[in-house]
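Taking it in order: structure first as structure tokens, then the write-up.
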Amino acid sequence: MPQADLRPLAPNPVLRPDGLPALAGWSLDPAVRHLNHGSFGAVPSATRAWQQTLCDEAERDPVAWFRHLPARVAQARYAIADWLHAPREATALVPNASAGVTAVLSSLPLRACERIVVTDHAYGAVDMAVRRHAARAGAQVDTVHIPLAADAEQSAALIRAAVDAHDRTALVVVDHINSATARLMPVQQIAEDCRERADGDRVMGPADDAELPLSESDHRAFVRASSLSAFRTAGVPAVVCQYE
């Protein structure tokens, strides 16, 4: 019998709609394998060109630029909210995802008898913000271990068990796309589980990329803070959507 070819197959190249390699849309050095899009996401060339157009417009007439700026920022906020399937009035712009999560935590009252559930895949800055918020109130933070091999159903079940283990769970914080492990968490199922258990339970999920808009059913119990890192330009803020 012929021997099977066990050599690894090269992945299919990612192409743009015009057929060119996706890398052609960036100014990245082709000699460098740029992998850290989470912390320092490069900006597409078309986005940088549009940014320069806006800068030129501001320089031509700064007075008019700042006079119309609030309305233009509102238009951008509405466009982002519509893309995320989120209510416009519940969408705000913040400097980054970590700042958005901190703002939401600060707006949520917490008592000493309550607790917050997080996972061991949490983004570091978000985990620290949760612990600071809990410490100020004297509340407890419970960390759920999610094995790397766990599928969506198992992940949701582990978080559900942590919520059920205590009748004073005030908040569940889950990264939609985990920064450290690139896992996609089943946030819709987690939100539904919390709603079934107690009216007022809240699920908050920061995400590194806004590539996965949430369904309408998530809006009642999910806070999305997205850095939009894949298309970030200088001065473009993140998005926070808060739902009760």
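Classify the stretch 111-168: rounded, prolate or oblate, from the alpha-carbon gyration tensor (a ≥ b ≥ c, eigenvalue square roots; a/c under 1.5 rounded; otherwise prolate if a/b is larger than b/c)?
oblate
Taking the highest mean first, how do the peptides 117-125, 65-73 order by number of other beta carbon atoms within 10 angstrom per residue?
Result, highest mean first: 117-125, 65-73.
Percentage of Cα-Cα pair distances in the stretch 47-132 greater than 15 Å, rounded to whole percent?
For the stretch 47-132, the share of Cα pairs beyond 15 Å comes to 73 percent.
Say a paramagnetic label sat at a point 7 Å from the Cα of residue 180, along Cα to Cβ; which residues of the stretch 104-146 have their backbone N under 14 Å from it?
118-129, 143-146
Each reported figure results from applying straightforward, stated rules to the coordinates on display, with no laboratory input. Predicted model, so just to flag it, every value in this text is computed and none were measured. Counting neighbours? That spans all protein chains shown, and the Cβs are built from the backbone with ideal geometry, glycine included.
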